[in-house]
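Contents: one structure, followed by commentary.
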Amino acid sequence: MSLDHEYDDKKHADVYSQQVGGADQIHQQQYTEEIVPQEGLKRSLKSRHLAMISIGGVIGTGLFLGTGSALAHGGPLGLFLGYALMGSICYSVMISLGEMISFLPIPGGHIKLAERFVDPAFSFTMGWNYWYNWVIILPAELSAAAVLINLWNDTINNALWISICLIVVVVINLFGAGVYGECEFWFASIKVLTITGLIILGIIITAGGGPDHKSIGFQYWRNPGPFVQYEGISGSLGRFLGFWAVLTQAAFSYIGTEIVAIAAGEAKNPRRNLPRAIKKVYIRILVFYLGGTFIIGLLVPSNDEGLALNSGTALASPFVIAIKRAGIPALPSIINACLLTSAWSAASSDLFTSSRAIYGLAITRQAPKIFARTTKNGLPYVAIIFCALFGALAYMSLQSTAGQVFGYFANLTAAAGLMTWWGICLVYIRFEKGLKDQGISKSTLPYTSYLNKNAFAAKYAMVMITIILFFSAWSVFLKGNWDTATFVTNYLPLWLFPILWIGFKLIKKTHFVRTTEMDFVSGLDVVEAESYEEEPPKNFAGKVWAAIM
């Protein structure tokens, strides 16, 4: 039985109109002029694009490569539990975001919603934090792509590979959201096929179907054991610290699933397609992350030396380590090629998301107006070109000193991503309170989840994210492990977030939006006009495709 349910858009429109007394004309005019200018973004992302964008946000190098170091830190059971707990937090954030963004799929996504339901200063903070998060990850992904190519050819300077990858990513984005969505569809399809194939292959190897015909079963759970004693610390404390190290790694692996909210302003038939994309996030978490981490725990012992190589190529993947142990040739190069497309996909999404984030700031007058400029086809070309310039930071990775500085910038993004999730939860809690105080029933929303009754899921995620952020750099406090750079890069975003929020409030003298004054009306007519009934599939193949997408 599904945890979520959709409601008919027409029913929603009728009931909602009765409750709020129709849309206020002044609000509607303000929305038309400020949020969706005539030259604004165009809805060109199809249902299958949104589905794969949401999948692409879940599957990345964190699953292919990051799980290796997580297994070495926490053991097979610690690995599985860490990713399971973080998966529950990710799902809680997504259903909270899904309820809001399905109701108001507007440009700027959660950045604009923060202005409506919390405070303009909070919107400013969320927007610039989010922009920084993705504009800095862009050069990091370009550097990662160059390292992946080194598996085949390490004689050519990485500057060439970085340049080629950057050009490809910029071209994809300059062709508009439709082309970006199409490329992301195929990139994400490769990732889905890769992880699905690796999970199936892992099951076969575990059962003894590899060339060595050696059945593994749960032998690595018995020896070296289900948990790892972190840094040699004995007892339950060492096992718990190993699990917590996995949890911190898993938190950063899941960041990016919320990209679908930024894409909402360019989604076709948003009232139908956004709920479809978000409702199936939990299936992807269960199948890909929990299924993948469980199989990894069976395939590779946590004390395997290959897990500590950290080469940045497919050789560091626990799947590849298992394949080599089973005696299967050639696959490392194939997987490395898939990882390369994954890096391209991530870089393309980084540019798309960062450009839409600064566009959202511009249309709320919290960034220079020039970033709100678009072509007649709805392409925010100024925002894209500006964000693409930050891709040049990837060249810093070519020199050791500059590379170290760039590494600090990249590390800051991990905590910034979790701060975004924390902010989304706060916006949802205020959103739900506003619905109650204005007498609007949640059953009239296009999408809602039973788990978010009284904002339970949002509050759960908010508390857990706070704990994870607070203890994100706990390892530096172990004896002999102090590292100033790690401490600063983990905790600086936690200081900057309230500084930006309070600073903007003091300068602009903004006020929190009262629940009775929250605007649930502006833009509804535009959204309703762009929603329509879709023809149901007429044959079996169409029904299967609709179910997958």
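The values are calculated or read from the model by the stated rules, or taken from the named source; none is laboratory data. All values reported here derive from a predicted model rather than from experimental measurement. A quick note on method: Cβ atoms are made from the backbone with ideal geometry, for glycine too, and the neighbour counts reach across all protein chains shown. Heavy atoms of the whole protein, side chains included, go into the accessibility calculation; ligands, DNA and RNA do not. Shrake-Rupley method; radii C 1.70, N 1.55, O 1.52, S 1.80 Å.
Separation of the alpha carbons by more than 28 angstrom is noted, of K112/K459; K280/K459; K279/K508, for K279/K508. What does the charge count around L435 come to, taking other residues whose C-beta lies under 14 Å from its C-beta (Lys +1, Arg +1, Asp -1, Glu -1)? It works out to a net charge of +2. Size descriptors for the range 35-153, from the alpha-carbon set: Rg then Dmax equal 18.2, 55 Å.
Residue separation of L174 and S189 scaled by 0.36 nm, minus their Cα-Cα distance, works out to 3.2 nm of gained length.
Note on S443 and A159: their simple-model spin labels are 6.6 nm apart, each label 7 Å out from Cα toward Cβ. Using the Cβ-Cβ distance between I385 and L237 with R0 set to 45 Å, the FRET efficiency works out to roughly 0.30.
When the solvent-accessible area of the range 68-201 is split by element, carbon and sulfur atoms take up 78 percent of it, the probe being 1.4 Å.
Measuring r between the beta carbons of V488 and H213 and using R0 = 35 Å, the FRET efficiency lands at 0.10.
Projected onto planes of every orientation and averaged, the convex hull of the alpha-carbon atoms in the range 290-385 covers 9.6 nm².
Hydrodynamic radius of the range 115-258 by the Kirkwood approach over all distinct alpha-carbon pairs: 20.2 Å.
Each part gets one Cα centre, and for the range 206-241 versus the range 405-465 those centres are 36 Å apart. A protection proxy built from the mean count of other Cβ atoms within 10 Å ranks the segments 280-289, 233-242, 98-107, most packed first, as 98-107, 280-289, 233-242.
The residues packed around A347, meaning those with a beta-carbon under 12 Å from its beta-carbon, carry a net charge of -3 if Lys and Arg are +1 and Asp and Glu are -1.
Positive contributions from Lys and Arg (+1) and negative ones from Asp and Glu (-1), summed over other residues with Cβ under 10 Å from the Cβ of G360, come out at +1. Segment I200..I283, full-extension length gain: 28.2 nm, with 0.36 nm per residue of separation and the alpha-carbon distance subtracted. Note on K436/R365: beta-carbon distance plugged into 1/(1 + (r/R0)^6) with R0 of 45 Å gives a FRET efficiency of 0.90. Highest mean packing first, where packing is the average number of other Cβ atoms within 10 Å per residue, the peptides 90-96, 517-523, 207-213 line up as 90-96, 517-523, 207-213.
The calculated Kirkwood hydrodynamic radius for the range 242-343 is 16.2 Å, given to one decimal from all distinct C-alpha pairs. Here the label points at I328 and T466, each 7 Å from Cα along the C-beta direction, are separated by 4.6 nm in the simple model.
Distances between placed amide hydrogens fall under 5 Å for T448 paired with H5, all partners being 5 or more residues away or on another chain.
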